[in-house]
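**Q** The structure is given below, and queries will be raised subsequently.
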Amino acid sequence: MASHLLNHSKKLRNASSLLHHDRAVLVRWFCSDVQPLSITKNRDMLKTRIQDYESSARNRVSESASNFTKPSFGVQKRNMSTMKRGYTRLNGEVLQNSEVLSRRSYSSAADLPPHQEIGMPSLSPTMTEGNIARWLKKEGDKVSPGEVLCEVETDKATVEMECMEDGFLAKIVRKEGEKEIQVGEVIAITVEDEEDIAKFKDYKPSASESSDPPAKETPAPPPPKKEVAEEPAREPEPKASKPSAPPSSGDRIFASPLARKLAEEKNVTLSSIKGTGPDGLIVKGDIDDYLASSGVKEVSAPSKAKAATDVALDYTDIPVSQIRKITASRLLLSKQTIPHYYLTVDTCVDKLMSLRSQLNSLQEASGGARISVNDLVIKAAALALRKVPQCNSSWTNDYIRQYHNVNINVAVQTEHGLFVPVVRDADKKGLSKIGEEVKQLAKKAKENSLKPQDYEGGTFTVSNLGGPFGVKQFCAIVNPPQSGILAVGSAERRVVPGSGAEEFKFASFIAVTLSCDHRVIDGAIGAEWLKAFKGYIENPETMLL
């Protein structure tokens, strides 16, 4: 039986190396199909199956021959790409939603042993490129599953990327600090044997070579340049037509006083203008016509002056981080594609401040953290969303998706950029719990250590520039795919009428502005939500029921 299998394995060995995977499948089939009884019967059956397999193998080889290309290393090799999940982490926690591209390469050449190409992972749904923040392993280091290879700066946060298999880090293809690395692009090479490390000293991935040709296909701009060159050629024509006017004028130039004054103000030479008044008199209309016809000249002169002043300016070019890029693109997309409208209302916060002081007294007595005004605002916004669920929705072109979870994103400004961590199910949590989560998330944001689950899945956003910065009132940009964002201003003390005819009293008010996506939230619905929010703020005890 063993000799029979060996003979057929020799036949299969003559097939293309592309059938290596299929040969392994066949061997496993042999192993599962061999029975300890009636070997002679199975021999005939195996012979028939092998013949069928060889015929189908030949067909696959002929079909794939047209698509087969030689690798850049000058030897035939096989690449087997797999998407592996759960190999990146942030602060020791595994990110199950991340995808790491690994490509294992085999070669028969003595200078190119089997190795694994590690690609830039996709660590968030919106990530298309990333930056290498720093490498935690050096070339030649032994690596094991679970060990952190490097830190990758994504469009949301800085994430640690773990190793997937045992081996040695043979080559770091993309160095520390390199930016705008496309997802899937090779960043490192690992090998199984330590002796193979030196063979990858001058290694360059084939993926980078295959991506070069498209970049060289850009010499198509010459035709537009010819068109641009033809346009300036037309400009001298009006220049030639304007000097043709002076021969018609005599030694003395006649012009009306208003025309002379206008010519002095506009720095226009009267000798270059032909008068249309009596006996060739230059009138105001002639000056206006000349200015209109020479408008191109007047515009070009100041532009050169501005260019000269720009050169003299002292400035510093600040590199744009990945977070800043994605923030800019999302906000630009929001303003260009979402029909914004804004509703503003003033809310009295005297009762809210009184309740907060009472709750903080209880918190201090029990050793708990203090409750902020922003915590009360988040709670009121969450309850208002539960009361008016139309504002807790998203636009999806074909339908409006209304969420049953009330997850509030809270805008946090840091030196790394703007983050919006999320407080999940804020309508079901107490004020102390909301306060604790906001403090923890704000700390993570400032440390640039937010995990994807800390900022994804929000349904509404609250942005407060009043408390920390004293901004009286502002309009925020909707955070897509959400349909609403609340902008909270600072508290302002005002004089308001009292109960009597000539009585007055002081009260504190906060201006809040709701930015809405008009595709989802109609004006009346937005006003209804603001009414509910104002009711919770001005009667805060109802939030505790």
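The values are calculated or read from the model by the stated rules, or taken from the named source; none is laboratory data. Bear in mind that the values here come from a model prediction, so they are computed numbers and not experimental data. Don't worry about glycine lacking a Cβ; one is built from the backbone with ideal geometry, like all the others, and counts go over all protein chains shown. The protein model used for the area step is the full one, side chains on, heavy atoms only, and it has no ligands, DNA or RNA in it. Shrake-Rupley method; radii C 1.70, N 1.55, O 1.52, S 1.80 Å.
**Q** Using DSSP to call loops (not H, G, I, E or B), can you name the GluC sites (Glu not before Pro) in region 438-545 whose Cβ has at most 10 other Cβ atoms within 10 angstrom?
**A** GLU502, GLU503
**Q** Going by average Cβ density within 10 Å per residue, which order do the peptides 136-146, 407-417 take, highest to lowest?
**A** Peptide ranking by packing, descending: 407-417, 136-146.
**Q** Rounded to the nearest 10 Å², what accessible area does MET353 show when all protein chains are kept and the probe is 1.4 Å?
**A** 80
**Q** Subtracting the Cα-Cα distance from 0.36 nm times the residue separation, let me have the gained length for TYR203 to SER499 in nm, one decimal.
**A** Additional length available on full extension: 98.1 nm.
**Q** Let me ask you something else. Could you order the peptides 504-515, 335-346 from most to least packed, using the average number of other C-beta atoms within 10 Å per residue?
**A** Result, highest mean Cβ count within 10 Å first: 504-515, 335-346.
**Q** Students often check this: by mean Cβ neighbours within 10 Å, which of 425-432, 273-280, 313-320 ranks highest, and how do the rest follow?
**A** 425-432, 273-280, 313-320
**Q** Something else now. Subtract the Cα-Cα distance of CYS475 and TYR399 from 0.36 nm times their separation in residues, and report this length gain in nm to one decimal.
**A** Length gained, CYS475 through TYR399: 24.7 nm.
**Q** Using a 1.4 Å probe and ignoring any ligands, DNA or RNA, find the accessible area of TRP135 and quote it in Å² to the nearest 10.
**A** 30
**Q** Continuing with this model, one more query. Assuming 0.36 nm per residue, please report the length gained on full extension of the stretch TYR315 to VAL345 beyond their Cα-Cα distance.
**A** Value of the extension gain: 6.7 nm.
**Q** Here's another thing I want to ask about it. So how far apart, in nm, are the two label points at GLU176 and ARG424 if each is 7 Å from Cα heading toward Cβ?
**A** 3.5
**Q** For labels at LEU333 and ILE525 in the simple 7 Å Cα→Cβ model, what's the distance in nm?
**A** Computed distance between label sites LEU333 and ILE525 equals 2.2 nm.
**Q** Restricting the calculation to Cα positions, tell me the Rg (one decimal) and the Dmax (whole number) of region 402-528 in Å.
**A** 17.2, 58
**Q** Separate question: Given points 7 Å out from each Cα along the Cα-Cβ axis, report the GLU165 to GLN453 separation in nanometres with one decimal.
**A** Taking the two extended label points, one gets 2.9 nm.
**Q** Antiparallel versus total DSSP beta bridges in region 447-508: what percent is that, nearest 5?
**A** 55
**Q** Further, regarding this structure: Under Stokes-Einstein, with the Kirkwood radius over Cα pairs standing in for Rh, what whole-number D in µm²/s applies to region 325-457 at 37 °C and 0.692 mPa s?
**A** 195
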